[in-house]
Amino acid sequence: MRKWMILSLCWAASLVGEPADVIFFGGDIITVNDQQPDAEAVTIKGNKIVFVGDKKTAFEQKGEKTELVDLQGKTLMPGFIDPHTHVILDALITASIDVSPFKYKTIGEVTNVLKEASKKGSVLAFGYDPSLMTDPGHLNFETLDAISTEVPIVVVNKSGHIAYGNHKAFEVANINDATPKPVGGSYQKDKEGHLTGLGYEVPAVGQLISAVNKISPDQYPKMTRDALKVYAAAGYTTVTDLGLGLPLPTQDAHIKLMSDVSNAPDAIMRVQGFLVTNLLDKIPALRKQNNAMFQVLGLKIWADGSIQGYTAAMKQNYKDSDTKGTLNFSQKQLTEIVMNARKQGIQVAVHANGDQAIEDTITAFEKAQEAYPSNDPRFRIEHATVTDPDQWKRIAKVKATPSFTEHHLYYWGDAFQDKILGNPRAEWLDAAKTAKDLGLKFSFNDDSLAPAQPLLFIQVAATRKTDDGRELNPQQKISIDDAIKGVTLYPAWQSFREKELGSIEPGKFADFVVLDQNPKKVDVNKIKDIKVVGRWLNGKHD
Ligand SMILES: [Zn+2]
């Protein structure tokens, strides 16, 4: 590390004196570098940052062709780094019928929309979420067959972890009472062993989606690029797909789409990702093709489902409920998968929402560390939603790192507290302060639950306020500086890329976002309203 830093500084120093391509000045510059938090000016050459410091020295690099960017009071920051999302799923959601609770609050409204859509053929709808509806009802064979027995209908829960279908959809998907449960997923059955119309977890949900997905393979490249434009507009310069190899349209095509879109000459985003669990063997070869625009980082494992869907695995029953959710793997299976990756030096990212899934995940990490010790494994816990103090001590000891889904707190925080979990469990939601106090790095993600909003994540982490303005456990508030790290430097670190991304330092890539206001200077409750007014990727303006 030290050797690299010296080389990088020498390299950067060697360019000082040569004319810069661009000089930024005239506004606040948040570097996210603790050694040099503010600067008057930044210079870049090609796609790299050369100098960060005072304006006078920066202007010594001004040549005939140097572009001068006067920020005019705006704020320059490192480009945002998304640590966990699902890009092609976003594209599919955009192309599907929206039945989310942000649009419809009752089952009657949802079934009306589905009925109307079914007149035009098979139906794929996204976003149904009983936890945020006033009259949620139930989606199952009964309610969906009542809409149509001829046309296949599939509705995906907002969490992505549950799909609801009519009999026709299950028939087209080739799933019947005798179908064995897929690895890491299941189909709900009644006491007599008959399917009820619900599929759980990625393998089952994916199979049902495939049955009604009308998008042809040639439509995917444009859809993928369009989906990335949404992240670009939010100020992201890197996104991390936590499900590379989902069968959209096929497992291999999914990886190729993401690689092609980020390696294209006119690419708008760096893309990196974790391959779905069954593709472990493909990782070493794919990693050899890694470059600065596209990187395969490691392996994704889903240990449980979603809290709002009551499928995340809890130690105790959900509030006013007789279920604890479900684990997708036994402890033995989970440990084996983690060990297998660790043995090959492959980073793992385990989706674990409930405190039981988190417990099993920590145990798997501990066992992997015993068998194949590493000083720097950067085991990732995706979501780490409901935790307790003892678990955090173990997470720190095993050197794991959490990525919190701040949309949970903002949109579902009230429902977690009142309906789904109750306190104290809801208060432990996204415990960033506890993580920080233990010296852990953390990141904030959208997980495709709602559009990615890094500025909202900063606000939520610093205020702990839900969309209704309720404060959920103020003890877990962190400073704005730390919250900013959660959308820049820390996700770079979680990807082993902190030497090239995540802060404004000489030698790093010139990936920036320009904001109309400084998040450290506005009212903390208004950070989400700050506008992204510019973005630079690889030294080039959008
Ligand atoms: Zn996810």
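Give me the residue from region 237-256 that is crowded, with 24+ Cβ neighbours inside 10 Å and more than 16 Å from the ligand (Cβ to nearest atom) and, out of that set, farthest from Asp82 (Cα to Cα).
Result: Thr237.
Please verify whether region 388-399 includes one or more residues that are buried (at least 23 other Cβ atoms within 10 Å of the Cβ), within 16 Å of the ligand (Cβ to nearest atom) and either within 22 Å of Arg497 (Cα to Cα) or not β-branched (Val, Ile, Thr) (or both). Outline the logic, then answer.
Step one: of region 388-399, the residues buried (at least 23 other Cβ atoms within 10 Å of the Cβ) are 395.
Still in the running and within 16 Å of the ligand (Cβ to nearest atom): none.
No, every residue in region 388-399 fails to be buried (at least 23 other Cβ atoms within 10 Å of the Cβ), within 16 Å of the ligand (Cβ to nearest atom) and either within 22 Å of Arg497 (Cα to Cα) or not β-branched (Val, Ile, Thr) (or both).
What number of residues within region 245-274 are of a type in the set (A, V, I, L, M, F, W, C) and either assigned to a helix (DSSP H, G or I) or more than 19 Å from Lys222 (Cβ to Cβ) (or both)?
Here is the first cut: in region 245-274, the residues of a type in the set (A, V, I, L, M, F, W, C) are 246, 248, 253, 255, 257-258, 261, 264, 267-269, 271, 274.
From the residues that got through so far, the ones that are either assigned to a helix (DSSP H, G or I) or more than 19 Å from Lys222 (Cβ to Cβ) (or both) too are 253, 255, 257-258, 261, 274.
The number of residues fulfilling the criteria is 6.
Need pairs with beta-carbon distance below 7 Å; first residue in the same structural domain as Glu150 (by TED's automatic domain parsing) and within region 106-123, second exposed (fewer than 14 other Cβ atoms within 10 Å of the Cβ) and part of a loop (DSSP other than H, G, I, E, B); sequence gap 6+ or separate chains.
Thr106/Thr134; Ser122/Lys214
I'm checking my understanding of the structure. Among residues of region 436-451 that are farther than 19 Å from His161 by Cα and buried (at least 24 other Cβ atoms within 10 Å of the Cβ), which one is farthest from the ligand (Cβ to nearest atom)? Steps first, please.
Pass one, region 436-451, residues farther than 19 Å from His161 by Cα: 436-444.
Now restrict to residues that are buried (at least 24 other Cβ atoms within 10 Å of the Cβ): 442-444.
Details: Phe442: 16, Ser443: 13, Phe444: 13 Å.
Among residues in region 436-451 that are farther than 19 Å from His161 by Cα and buried (at least 24 other Cβ atoms within 10 Å of the Cβ), the one farthest from the ligand (Cβ to nearest atom) is Phe442.
Just one of the numbered conditions (1) more than 26 Å from the chain's Cα centre (by Cα); (2) on the phi < 0 side of the Ramachandran plot is not true of Ser131; which one?
(1)
Hey, among the residues in region 70-88 that are surrounded by 22 or more Cβ atoms within 10 Å (Cβ to Cβ) and of a type in the set (A, V, I, L, M, F, W, C), which one's farthest from Arg270 (Cα to Cα)? Let's see the steps before the verdict.
First, pick out the residues of region 70-88 that are surrounded by 22 or more Cβ atoms within 10 Å (Cβ to Cβ): 76-88.
Checking which are of a type in the set (A, V, I, L, M, F, W, C) leaves us with 76-77, 80-81, 87-88.
Details: Leu76: 19, Met77: 17, Phe80: 11, Ile81: 9, Val87: 12, Ile88: 15 Å.
Within region 70-88, the match that is farthest from Arg270 (Cα to Cα) is Leu76.
Assess whether Thr75 counts as being more than 16 Å from the ligand (Cβ to nearest atom), within 29 Å of the chain's Cα centre (by Cα) and either modelled with pLDDT of 95 or more or not aromatic (Phe, Trp, Tyr) (or both). Walk me through how you get there before you give the answer.
Working: more than 16 Å from the ligand (Cβ to nearest atom): yes; within 29 Å of the chain's Cα centre (by Cα): yes; either modelled with pLDDT of 95 or more or not aromatic (Phe, Trp, Tyr) (or both): yes.
Criteria met by Thr75.
Which of the residues spanning region 204-229 are outside any loop (DSSP other than H, G, I, E, B) and touching a strand residue (DSSP E or B) at 6+ places or on another chain (Cβ under 9 Å)? Explain how you work it out, then say what you get.
Residues of region 204-229 outside any loop (DSSP other than H, G, I, E, B): 204-212, 217-229.
The answer is Ala204, Val205, Gly206, Gln207, Leu208, Ile209, Ala211, Val212, Leu228.
Considering region 366-385 alone, what residues qualify as being closer than 15 Å to Pro402 by Cα and away from the ligand (no atom under 16 Å from the Cβ)?
So the first thing to find is which residues in region 366-385 are closer than 15 Å to Pro402 by Cα, and the list is 376-385.
Listed by number, the residues that qualify are Asp376, Pro377, Arg378, Phe379.
Looking at Ile362, Ile346, Ile337, can you tell me which residue is surrounded by 19 or more Cβ atoms within 10 Å (Cβ to Cβ) and within 30 Å of Glu427 (Cβ to Cβ)? It would help to see each step written out before you state the result.
Values: Ile346 fails: within 30 Å of Glu427 (Cβ to Cβ); Ile337 fails: within 30 Å of Glu427 (Cβ to Cβ).
After ruling out the rest, the residue left standing is Ile362.
Of the conditions (1) closer than 30 Å to Gln308 by Cα; (2) touching a strand residue (DSSP E or B) at 6+ places or on another chain (Cβ under 7 Å), Phe24 clears all except one; give me its number.
In the conditions (1) closer than 30 Å to Gln308 by Cα; (2) touching a strand residue (DSSP E or B) at 6+ places or on another chain (Cβ under 7 Å), Phe24 misses (1) alone.
Please work out which residue is surrounded by the most Cβ atoms within 10 Å (Cβ to Cβ), limiting yourself to region 172-205 and to residues that are more than 27 Å from the chain's Cα centre (by Cα) and among the aliphatic types (A, V, I, L, M).
That would be Ala173.
The values are calculated or read from the model by the stated rules, or taken from the named source; none is laboratory data. This one's a predicted model, so the numbers in the text were calculated from it and none came from an experiment. Note that each Cβ is placed from the backbone with ideal geometry, even for glycine, and that neighbours are counted across all protein chains shown.
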